[in-house]
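Chemist: This is the structure, below, for whatever I ask next.
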Amino acid sequence: MPQQILMIHGGTTFESDKEYLDYLKNKKIELDRLVVRDRWIRNLAKDLGEDYLVLTPKMPNSTNARYEEWKTWFENVLTVLDKELILIGHSLGGIFLVKYLSENKIDKTIKAIFLLGAPFDDDLGEESLADFVLPENLSGFSDQVEKMFFLHSKDDPCVPCDHAFKYQKKLPEAKLVIFENKGHFNEEEFPELAELIKKSK
C-alpha cells in the first residue's frame, strides 16, 4: 500500500472584503504568470515513484483564504485518509498546518512534515496573515509530528528567509533546509523534495 502524502497549497488572505476587492482591481498582472506550465507538484508523484500517493486537495477560495473554511475542509479531507501520513505545506498552506496542528489533535500518525516558504508572522510587507496567525504555543504541533523539515530559499520574494529561522528558534528539533535560488518554490522541477521525503522514511 503506497504511503499517502497530503499537500496543502498556498494562498492569500485579506483583513476585509474591501481589501480583497481592491487587490483584484489593482493587482499588477504579469502576462508570463498566465501561461500554462507544469509545476513541481505535478512531477512529485513521478519523482517519488509507485511507493507514494500524492494527494492535493483544492483549498476553499485560496485567493481570499479564511482559516475556518480551510479548517472545516481539511477536517473533511482527513476522514478519508490512512492512519499514517506525510504532510507538505507550501506558503500559506505551511502556516495553516502549523496552526491547525498546534490547536487540534488528529487521530493520525504524521510521519514527517515538509513546510516550504511558510510564513511565521505578519512581517510580510504588504500582505497580512489575517486569521492564519499562529498561537504562541506550538507544542501541539511538535507533539504530533515525528520529523519536521522547514525549506526556504534566500531569494524568496514573498516570504523572507528569516521566517525559517523564526520557526527554528521556536521548534529547534526541526531540520532547516536553506536553498540559494528556489524563490517561492514555484518552479517546474523540485527533485530535492522527493529525495528528502524518501530519506525521511
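Read-outs: derived from the displayed coordinates by stated rules, not from any lab. These numbers come from a predicted model, not from an experiment. Glycine also receives a Cβ, built like all others from the backbone with ideal geometry; neighbour counts cover every protein chain displayed.
Chemist: Hey, can you tell me all the residues within the stretch 163-201 that are touching a helix residue (DSSP H, G or I) at 6+ places or on another chain (Cβ under 9 Å) and of a type in the set (Asp, Glu)?
Modeler: Glu173, Glu187, Glu188, Glu189, Glu195, listed by residue number.
Chemist: Need a quick list: helices (runs of 4 or more DSSP H) entirely within the stretch 25-142 having at least 1 residues that are in contact with a helix residue (DSSP H, G or I) (Cβ under 7 Å, 6 or more places away or on another chain) and without any contact (Cβ under 8 Å) to a residue 40 or more places away in the chain.
Modeler: 67-78, 92-103
Chemist: Restricting attention to the stretch 150-168, does a residue exist that is among the hydrophobic types (A, V, I, L, M, F, W, C), without any contact (Cβ under 8 Å) to a residue 24 or more places away in the chain, in contact with a Lys or Arg (Cβ under 8 Å, 6 or more places away or on another chain) and farther than 23 Å from Asp32 by Cα?
Modeler: Yes, the stretch 150-168 contains a residue that is among the hydrophobic types (A, V, I, L, M, F, W, C), without any contact (Cβ under 8 Å) to a residue 24 or more places away in the chain, in contact with a Lys or Arg (Cβ under 8 Å, 6 or more places away or on another chain) and farther than 23 Å from Asp32 by Cα.
Chemist: Identify the residue in the stretch 143-162 that is outside any helix (DSSP H, G or I) and among the acidic types (Asp, Glu) and, among all such residues, is nearest to Gly94 (Cα to Cα).
Modeler: Asp156
Chemist: Here's another thing I want to ask about it. Filter the stretch 1-24 for residues that are more than 30 Å from Thr79 (Cα to Cα) and outside any loop (DSSP other than H, G, I, E, B) and give the result.
Modeler: Asp17, Lys18, Glu19, Tyr20, Leu21, Asp22, Tyr23, Leu24
Chemist: Do the conditions hold for Pro191, that is, is it surrounded by fewer than 17 Cβ atoms within 10 Å (Cβ to Cβ) and more than 26 Å from Ala45 (Cα to Cα)?
Modeler: No; evaluated as a whole, the condition is false for this residue.
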